[in-house]
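Visitor: First the structure, which I've put down as C-alpha cells, then a few questions once you've had a look.
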Amino acid sequence: MQTSICYTDRDRWLLDQVRRKANLERRSMSSVILSVLEGYFINGRKIGEILQDMGHLSSGKLTKALEIQEQEEGRRRLGKILLAQDFVKEKDLESALVIQKHISHN
C-alpha cells in the first residue's frame, strides 16, 4: 500500500527528524513513520485492549475474563484465560503479544 503525505513548511522539521532517524537506523522513512504511529496508538496498551483494537475480542468477553482473573487472584495470565474460555483464537493472541512486545521494546 502506498500513502501520500501532504505537509506544510511547519511540518518539515518533523520529516527531517524522521529522515535522520531512518538514516541512523538504516530503515526506510515509511518504517520509521509506522513505528511512531504504532507507538502512539498502542504503546502501553494491555493485551486485552490490543485484542479489542484488532477486533478479536468484545468488551463483554474482556470484562468476563478480567473477572475470572480477579477471582483467581491473578494466578493465570489474561491470555491463558481468554484461550481457556475460547474467547480468542491462539493465532490472534500470538499476534497481539507480538505487537505488545514490539511496542514495549521500542
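Visitor: Evaluate E = 1/(1 + (r/R0)^6) for Arg76 and Glu38, where r is the Cβ-Cβ distance and R0 equals 22 Å; express this FRET efficiency to the nearest 0.05.
Guide: 0.20
Visitor: Please get the size of the charge dipole for the stretch 44-106, origin at its Cα centre, with Cβ charges of +1 on Lys and Arg and -1 on Asp and Glu, quoted in debye to the nearest 20.
Guide: With only Lys, Arg, Asp and Glu charged at Cβ, the dipole is about 140 debye.
Visitor: Then there is this: With each label point set 7 Å from Cα along the Cα-Cβ vector, what nm distance links Ser28 and Leu15?
Guide: It is 1.7 nm.
Visitor: Please report, in debye to the nearest 20, how large the charge dipole of the chain is about its Cα centre when each Lys and Arg carries +1 at its beta carbon and each Asp and Glu carries -1 there.
Guide: 360 debye
Visitor: Taking the alpha-carbon distance from Lys91 and a cut-off under 28 Å, which lysines remain once sequence neighbours fewer than 8 residues away in the same chain are dropped?
Guide: Cα-Cα hits under 28 Å: Lys46, Lys61, Lys64, Lys80, Lys101.
Visitor: Continuing with the same structure: Using only Cα atoms, tell me the angle between helix 90-104 and the longest principal axis of the chain; keep it within 0 to 90° and round to the nearest 10.
Guide: 50 degrees
Visitor: Which aspartates and glutamates have a Cα less than 16 Å from the Cα of Lys89, not counting those fewer than 8 places away in the same chain?
Guide: In chain and number order, the partners are Glu49, Asp53.
Visitor: Something else now. Going by the alpha-carbon gyration tensor, a ≥ b ≥ c the square roots of its eigenvalues, is the stretch 1-42 rounded (a/c under 1.5) or, if a/c is not under 1.5, prolate (a/b greater than b/c) versus oblate?
Guide: In terms of gyration-tensor shape, rounded.
Visitor: Now, a different point. Which whole-number percent of Cα pairs in the stretch 44-106 have a distance greater than 13 Å?
Guide: Value for the stretch 44-106: 58 percent of Cα pairs lie more than 13 Å apart.
Visitor: With charges only on Cβ, +1 for K and R and -1 for D and E, what is the dipole size of the stretch 1-42 about its Cα centre, in debye, rounded to 20?
Guide: The dipole of the stretch 1-42 has a size of about 160 debye.
Visitor: Please identify the longest segment of the chain free of exposed trypsin sites (Lys or Arg not before Pro), where exposed means a DSSP state other than H, G, I, E or B and no more than 10 other Cβ atoms within 10 Å.
Guide: 27-74
Visitor: With viscosity set to 0.692 mPa s and temperature to 37 °C, compute the Stokes-Einstein D of the chain, Rh being the Kirkwood radius across alpha carbon pairs; µm²/s, no decimals.
Guide: So the translational diffusion coefficient is about 205 µm²/s.
Visitor: State which stretch of the chain is the longest one without any exposed GluC sites (Glu not before Pro), exposure meaning a DSSP loop state and at most 14 other Cβ atoms within 10 Å.
Guide: Counting only loop sites that pass the neighbour cut-off, the longest clear stretch is 1-71.
Values quoted throughout were computed directly from the atomic coordinates according to the rules given, and no laboratory measurement underlies them. The structure displayed is predicted, hence computed values, not measured ones. Cβ atoms come from the backbone with ideal geometry, glycine included; neighbour counts cover every protein chain shown.
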